[in-house]
Structure formats: structure tokens, C-alpha cells
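Below you'll find the structure, written out as C-alpha cells, and then a few comments.
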Amino acid sequence: MSSPLYNAFQDARQHLVSRSSSEKSVYLGLVFKAYILRTDSQFALAYFFLIMLGIVERLLSFGIDCIRDKPGQPWRILPRACSYFVVTMIRYVLMIAIMSPYIPMFLIICLGLTLGQILVEIIRYILMIRQVKQTGLVGNDSSGSLKDSLLDTNGHRMPTRTNHVNESCC
């Protein structure tokens, strides 16, 4: 007796391993446009597009977090709001695409978001190391944890804020 999840994975594997022209096609619905994927090249293009959307969503979310709020500079609200609009649109496109009952599409979207998050973590690490080198805190962490001693460009402790990177996709 096999489970429905196991059967779905078996069907997906069978579809990926041996596809013939007589098999049914897969419907990929995006917010404003829908596509019927029939050929291997269409699947490859759709997979590439969805992976890139996941990566772009994570990088743009990180970009929103990098635009700092500063007193006396209210013009910074507009780039953050515009970026958030674009990120929200990408999230909804991914949400509609992931609603497909086709399991490999679900896995591809998860892969794209994971790759994007890996890039964000690498960028954060590089920025943290650069900041530690600039402030001279390497090996001199007697006043508390390294996280508490990181400073912004003006020499003030970095404020705690809500991070858009930590928001879920859907």
C-alpha cells in the first residue's frame, strides 16, 4: 500500500525521465499570463525563469533592508515602497505558479528561493566582515558580542528593525 505523496513523486519522476508527446502537458499559471508547457525546452525555460524569480525576490528583499531610514531624509521612503511593490508582485507570481499540482514546479520554486537566500547570506557575511575590518573589532571583542558591537557608517549601533528578507514568500 503506497501513500498519495509517494505516488505523486513517482509520477513526477516518471514524467521527468520519459516524456513522450502523448503525455498530457503542464499548465503554468502566472498572474497575468498562463502557459501550457509541452516540450523539454519549454520546461527548461520555465524552470530557469522560476529559479531566477526566486533569486531576484530574495535579493530585492535584501535590498529593501539595505536602504536605511535616516532622520531628515524622507525621500528614502519612496525607493523602499517601490522596491516593496516589486517584491510583492514577484511573491504573488511565485505563489500562483506554486499552486500548480505539478510537484517538480514546486521543487523548482523552492530551489530558486533557497539559492537566493544563500546569496543573501553570503552578501551579509561579506558585509559583516568588511565592517568588522573597518571598525577594528577583529580579535577585540571584550565589550560584548560581536553582533552588539557592529556599527553603522556614522559610528552608531545599528538599530533593530524589521527585515523584509525574513518575510515568507507566500
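Tabulated data for the structure shown
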item: Filter result for MET52 (open to solvent by 70 Å² or more (accessible area, probe 1.4 Å) and within 14 Å of the chain's Cα centre (by Cα)); result: yes
item: Checklist (1) in contact with a helix residue (DSSP H, G or I) (Cβ under 7 Å, 6 or more places away or on another chain); (2) at pLDDT below 90 applied to ASN140, failing item; result: (1)
item: Contacts under 9 angstrom Cβ, first residue in the stretch 97-119 being closer than 12 Å to TYR27 by Cα, partner part of a helix (DSSP H, G or I) and hydroxyl-bearing (Ser, Thr, Tyr), 6 or more apart; result: MET105/TYR47
item: Qualifying residues in the stretch 30-48 (those that are touching a helix residue (DSSP H, G or I) at 6+ places or on another chain (Cβ under 9 Å) and surrounded by 13 or more Cβ atoms within 10 Å (Cβ to Cβ)) - the one modelled with the lowest pLDDT; result: VAL31
item: Complete set of residues in the stretch 24-58 that are farther than 22 Å from GLN117 by Cα, in a helix (DSSP H, G or I) and not small (Gly, Ala, Ser); result: ASP40, GLN42, PHE43
item: ILE103 of a type in the set (A, V, I, L, M, F, W, C) and open to solvent by 80 Å² or more (accessible area, probe 1.4 Å); result: no
item: Odd one out for CYS82 among (1) loosely packed, with under 12 Cβ neighbours inside 10 Å; (2) within 15 Å of the chain's Cα centre (by Cα); result: (2)
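The values are calculated or read from the model by the stated rules, or taken from the named source; none is laboratory data. Quantities reported herein were computed from a predicted structural model and do not represent experimental measurements. Neighbour counts run over all protein chains shown; Cβ positions are idealised from the backbone, glycine included. We work out accessible area using only protein heavy atoms, side chains counted, and drop any ligands, DNA or RNA first. Shrake-Rupley method; radii C 1.70, N 1.55, O 1.52, S 1.80 Å.
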